[in-house]
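These notes are about the structure you will find just below.
The values are calculated or read from the model by the stated rules, or taken from the named source; none is laboratory data. What you see is a predicted model, and the numbers here were worked out from it, not measured in a lab. Note that we place each Cβ from the backbone using ideal geometry, even for glycine, and neighbour counts take in every protein chain shown.
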Amino acid sequence: MKVFVNNKEYSAEPEDTIIELCDKIGVHIPRFCYHKHLSVVASCRMCLVDIEGVKHSQPACSTPLREDMRISTKSEKTKVAQKSSMEFLLINHPLDCPICDQAGECELQDISLEHGDDHSRYMQFKRVVIDKDISPLISTDMTRCIHCSRCVRFGEEISNVKELGLLNRGEDMKIDVFIESSVSSELSGNMIDLCPVGALNNKPYRYTARTWDLRQICGISPHDCIGSNINYHTYNNKIVRAVPSENPDINQTWLSDRDRFGYEGIYSEDRVKKSQMRVDGKLVELDFESTPSEVNNLINNNIKKYGKEKIGCLISGQSTSEELFMFQKIFKGLGVSNIDHRTKESNFDYQKNYPLMPSLGCNLEDLDEYENIILIGVNIKTEYPILSIRLNLATKNKTRVHSFNFNSLDENFDLHCKKIIDHSNIESFLNVNNIELDQGKTLIIIGPSVSRSPNQSNILQSISKFSSSIDAKIGFLTESCNSTSGWLLGNVPHRELGGNQSSIIGKNSYQMITDKLPSYILYNLEPEHDFFDKSLVESALESSECNIFFTSYITPMIEKYAHIIVPITTFAEADGSYINIEGTYQTFRPIVQPSKNIYEGWSILNKILKLNNLGDYSVANIRDELKKSLEGLDFNMSKTDMSNTNISPYIENKILKESYRETNQTDLIVRRSESLNQATKIKNKLNYKNMNNEVKKSYIDITK
Ligand code: SF4
Ligand code: FES
């Protein structure tokens, strides 16, 4: 279709509105209530434009295009209309920019500078709104609100949790909550970004810095396997806030609260700032230069003393791909096969038939192409909040989502069916007669509650058989943000870098712990939280002769059982990369500089590699190797067959201890975020009654 904007001809899509066309061709139209991911309400009237042949100016956000339409965004009529709208919007706005955190990035400030007047004709008293303490993450100054309703529509349309509402009318209209502190969804922080003025602000960041003093560096979320893109803002070499970096294929314009506030954990008091070694039963500081050789001596002495098969090497799936690459390079190079990143698992019979790497089986943006999505052992709302946005939209389209979990947990999107299942009955339960499927494509998504199950292999086998019977695809959502790299880069005892079978099959993480080896190397892992059974790990560490910890944080167990502690960087202080669950490889650079005695993880591993004459890498070299391993891989696997697995019998009545993962406890950084911990406390308080009821429920409930 042919249209004219400011006398220039453009070809346009017939379904576009004026504002959509102008955004595409780079013609700016001021707006407040319009947002490309929200419904159109056309309430602020800031986007008024002049259309030839139409008497009054029309809102560009709600006016569809028509053939030969002639639009003017710069005419005198347009300017007068926009100026008048601006004047109305500023009537009740306090104009307190000098004390407002939004100043410098405020849409109202920018637009009023361009389209407003330099004086006000309004001489009456301005409206004042009393604020409520709505959340530990969001501060409010509701007197600044211009009633654009973006925050309300976000709750209604995107997060599907209606937390804020528009109350009253006219002069008394206000945005409010019904119960104090009740803004507690896992996606609540997005309302801060959506608010075009300083009415909703980032509470932990409040009054920390002025926006024009901040440096912005893009990073990738280390808190889940979706790989959201994040712009970190730093001030004096410290991250002070995080906002979404738009990536239409992954997180669009959204971020989960965990991704937004998780960085606070970097500044936790229990960060290890210097290397330490145990001498006469006490940990003493070790100097920076000699640490790599001390660690290397210890590793090699242990191999000599106990034998290669007696060394246990465990690394977190939250480590960067560079760290995972270097870790296996050292230990496999030294002939140690006991290497694993699956520390939360305890049943590994499945591993031989497992795909090359866990993958969602499709791109995130293609989820809405499935008629049926079956979630097994996962709570998307709390574990992968950003994914819940995609599923919410998919359910509004044509997708039926079924949730089968071991616990009764709610989702924030419509479920066609929700059932609590028991491990022992899963095979009989997964039956076409029990599950009401729509005609069309089906995707089964397996979550971390399955991988944590002591009956994981049995469950995977049942799912595999079921998927074949209904011709469904299988996808995975993993425990850590980079578990895919863990598999692909050979941090498993039975596969090499790139996925080839190892000639010698080492012990898996469960065997390493239960066999009580004389020496362990733990990388980026906390014994208290990152294993399937805390007490088993403790007794393994206690009986071991030498435990080497590469860690960012010190915990009571590390302090008690470590023979050497090497302080390493977090994701924010070093170059790194992650492979997300759809197979996207994303790199990032350091956001802040680490303190001077902390090692970049990959670089200390490289020093150890070099000391053993096993190679010498730079970040660029490592990435070249990684890219080679990724070449030609198909993450959209058409079929995953694990039905031939030889499995041990089902473990009777062994109920999962930790099948439910608390949103803000998923990894060692997020666990230390003070704001998120406060938010969790409040949420638990609000849900207390509900939780009590859940506990009383029968565990096994396979009913229609
Ligand atoms: S609080 Fe902000 S986002 Fe919500 S209606 Fe007011 S101005 Fe709009
Ligand atoms: S942006 Fe069009 S009316 Fe608000």
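Quick notes
- The number of residues in the range 37-77 being among the aliphatic types (A, V, I, L, M) and assigned to a loop (DSSP other than H, G, I, E, B) comes to 9.
- Arg206 falls short on exactly one of the conditions (1) crowded, with 16+ Cβ neighbours inside 10 Å; (2) away from ligand 1 (no atom under 13 Å from the Cβ); (3) modelled with pLDDT of 95 or more; (4) assigned to a loop (DSSP other than H, G, I, E, B), and that condition is (1).
- Scanning the range 66-92 for residues that are of a type outside the set (S, T, N, Q), surrounded by fewer than 20 Cβ atoms within 10 Å (Cβ to Cβ) and within 43 Å of the chain's Cα centre (by Cα) returns Arg66, Lys74, Lys79, Lys83, Glu87, Phe88, Leu90, Ile91.
- Just one of the listed residues (Asn160, Asn201) is surrounded by fewer than 23 Cβ atoms within 10 Å (Cβ to Cβ), touching a residue at least 40 places away in the same chain (Cβ under 8 Å) and within 19 Å of Val240 (Cβ to Cβ), and it is Asn201.
- Odd one out for Cys44, checked against (1) within 11 Å of ligand 2 (Cβ to nearest atom); (2) modelled with pLDDT under 95: (2)
- Every test in (1) farther than 30 Å from Ser485 by Cβ; (2) surrounded by fewer than 21 Cβ atoms within 10 Å (Cβ to Cβ); (3) out of contact with any Gly (no Cβ under 8 Å at 6 or more places or on another chain); (4) not polar (S, T, N, Q) is passed by Asp176 save one, and that test is (3).
- Residues of the range 469-507 satisfying the condition of being in the same structural domain as Ile315 (by TED's automatic domain parsing) and assigned to a strand (DSSP E or B): Val492, Arg495, Gln501
- Against the test of being under 32 Å from the mean Cα position of the chain (by Cα), away from ligand 1 (no atom under 14 Å from the Cβ) and charged (D, E, K, R), the options Asp131, Asp193, Asp172, Asp110 yield a single qualifying residue, Asp110.
- All positions within the range 1-36 that are part of a strand (DSSP E or B), of a type in the set (S, T, N, Q) and away from ligand 2 (no atom under 14 Å from the Cβ): Ser11
- Of the candidates Lys304, Lys308, Lys396, the single residue that is under 30 Å from Glu157 (Cβ atoms) and of a type in the set (Lys, Arg) is Lys396.
- Residue within the range 312-319 that is crowded, with 23+ Cβ neighbours inside 10 Å, within 30 Å of Ala472 (Cα to Cα) and among the small types (Gly, Ala, Ser) present: yes
- Residue list for the range 312-354, restricted to those being in contact with a helix residue (DSSP H, G or I) (Cβ under 6 Å, 6 or more places away or on another chain) and β-branched (Val, Ile, Thr): Ile315, Ile330, Val336, Ile339, Thr343
- Considering the range 257-375, the qualifying strands (runs of 3 or more DSSP E), each wholly inside and each with 2 or more residues that are among the β-branched types (Val, Ile, Thr), run over 311-315.
- If the condition is being of a type outside the set (Asp, Glu) and not in a helix (DSSP H, G or I), then the range 114-126 contributes Gly116, His119, Ser120, Arg121, Tyr122, Met123, Gln124, Phe125, Lys126.
- Pick from the range 148-184, criterion within 24 Å of His93 (Cα to Cα), part of a helix (DSSP H, G or I) and in contact with a helix residue (DSSP H, G or I) (Cβ under 6 Å, 6 or more places away or on another chain), ranking: nearest to ligand 2 (Cβ to nearest atom): Arg150
- Verdict on Ile521 being crowded, with 24+ Cβ neighbours inside 10 Å and within 22 Å of the chain's Cα centre (by Cα): no
A quick yes/no check of all residues on (1) among the hydroxyl-bearing types (Ser, Thr, Tyr); (2) assigned to a loop (DSSP other than H, G, I, E, B):
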{"residue": "Lys79", "(1), (2)": "no, no"}
{"residue": "Glu87", "(1), (2)": "no, no"}
{"residue": "Pro94", "(1), (2)": "no, yes"}
{"residue": "Asp101", "(1), (2)": "no, yes"}
{"residue": "Ser112", "(1), (2)": "yes, no"}
{"residue": "Val128", "(1), (2)": "no, yes"}
{"residue": "Asp133", "(1), (2)": "no, yes"}
{"residue": "Pro136", "(1), (2)": "no, yes"}
{"residue": "Ile146", "(1), (2)": "no, yes"}
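- Per the conditions (1) in the same structural domain as Thr320 (by TED's automatic domain parsing); (2) surrounded by 24 or more Cβ atoms within 10 Å (Cβ to Cβ), the sole criterion not satisfied by Asp533 is (2).
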